[in-house]
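The structure appears below as structure tokens.
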Amino acid sequence: MSHLELTLATWDHDRVMALHDERVTVPGITLQSHIHPTSKLFPWAVQDARFDITEMSVSSYVLQLSRGGSDYTAIPAFVSRAFRHNGFFARAGSGIKTPADFAGRRIGVPEYQMTAALWMRGILADEYGVKCDDILWRTGALDEGVRRERLELALPDGMVVEPISEGDTLQDMLLRGEIDGLLAPKPPKAFLEGSPDLVRLFPDFEAAEQAYHRKTGFFPIMHLIGIRKSVADANPDLPRKLYDAFVEARDLAMARLRSVWLGNANRMTLPWLNAAMERTRDSMGPDYWSYGCTANMAEMDAICRYSLTQHLSAATVNPKDLFHPSVLDT
């Protein structure tokens, strides 16, 4: 492989920053660093493949593959993972006490196809018997701005997924009683400001998420890294080199977190960092942020299954087809 200059675009996760600031390098490659929020990166990835190496939404990537292909091939560097029981919200007085009560209700979600919603609907189906078809969906901005689907949906007749009016928000519609609940990727502003009208369905969401992990082994994968296919085809050893570099960058971030945790002074602005670290390791072990295909293939299989049953994928996607052949043994 001759020397390459490639663009790299991710958000500023601690586990990728060593690649952006060149503490970790890839032999024979100069990376041009671009740091953007995923609200910008994901539309760019699926609509014009703007960068050579980019952070991608797992759900949108699976959807594209099911429709005939993507401009990218992926490596199993899962730069974003997040438990999702914390994102189930309802309006006080709506009669919704558990996620099972979402059946037949009007539920808001920023984008139907977003990976957080894919996982939350998977939890609804697997744990509570509520299918995506059982819910009347409204899509749009959570609590500010404008939000649209980044890829066009192709849903079955009779399924209701309706955008809200521009200028309105799902939070405000919930407070007005125009919808009954939310699948939220982050807490709505009104909830953080103490509104009594927004309630979490899992008040002790950490305990619920720990129980979910014990039962399934899953730590929900949100994002992975894509490499432009034309670049990977021309440089077949590149995907494995990049994967190794992302692993090294993650390891540096985890080592840094460990040193802060075990330091004599609390250098991170979290009063209960010790408690959080000890609970995490007790629940998930020391390798709690795993990369690679072997440890995560069952989880990727669940993602592909959810995409099909939730009417996103046009056909069944084999999880192995998401990744470049050179990294399947990781």
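The values are calculated or read from the model by the stated rules, or taken from the named source; none is laboratory data. In this text the structure is predicted, and so the values were computed from the model without any measurement. FYI the Cβ positions are ideal-geometry reconstructions off the backbone, even for glycines, and counts take in every protein chain you see. Side chains included, ligands, DNA and RNA excluded: accessible areas come from the protein's heavy atoms. Shrake-Rupley method; radii C 1.70, N 1.55, O 1.52, S 1.80 Å.
Here's the list of lysines a cross-link from LYS229 could span, going by alpha-carbon distance under 23 Å and ignoring same-chain residues fewer than 8 apart: LYS40, LYS241, LYS320. When the P(r) of segment 84-178 is calculated, the portion above 20 Å amounts to 33% of the C-alpha pairs.
Here segment 178-330 is described by how far its Cα atoms reach on the three principal axes: 55, 51, 29 Å, from widest to narrowest. Each part gets one Cα centre, and for segment 27-79 versus segment 108-129 those centres are 22 Å apart. Secondary structure note: in the chain, about 45% of the DSSP beta bridges are antiparallel. Based on the Cβ-Cβ distance from ASP197 to GLN32, what FRET efficiency comes out when R0 is 45 Å, to the nearest 0.05? Computed FRET efficiency for ASP197 and GLN32: 0.45. Put a plus charge on the Cβ of each Lys and Arg, a minus charge on the Cβ of each Asp and Glu, and nothing anywhere else: the dipole of segment 221-271 about its Cα centre is then about 160 debye. Ordered from highest to lowest accessible area with the whole protein assembly present and a 1.4 Å probe, LEU192, LEU136, LEU201 read as LEU192, LEU136, LEU201.
Using a probe of 1.4 Å on the protein chains alone, the accessible area found for ASP101 is around 50 Å². Rg and Dmax of the chain, both derived from C-alpha coordinates alone, stand at 20.2, 64 Å. Residues in the chain average 45 Å² of solvent-accessible surface per residue, probe 1.4 Å, ligands and nucleic acids excluded. Solvent-accessible surface of protein heavy atoms, probed at 1.4 angstrom with all chains present, puts MET268, MET297 in the order MET268, MET297, largest first. Computed with a 1.4 Å probe on the full set of protein chains, the accessible area for GLU178 sits at about 80 Å². Across the protein chains, with a 1.4 Å probe defining accessible surface, the residues TRP44, TRP272, TRP119, TRP11 rank TRP272, TRP11, TRP44, TRP119 from largest area downward. Taking square-rooted eigenvalues a ≥ b ≥ c of the alpha carbon gyration tensor, is segment 161-258 rounded, prolate or oblate, where a/c under 1.5 means rounded and, failing that, a/b exceeding b/c means prolate? Taking the square roots of the gyration eigenvalues as a ≥ b ≥ c, segment 161-258 is prolate. Across segment 1-160, the volume of the C-alpha convex hull divided among the residues equals 143 Å³ per residue.
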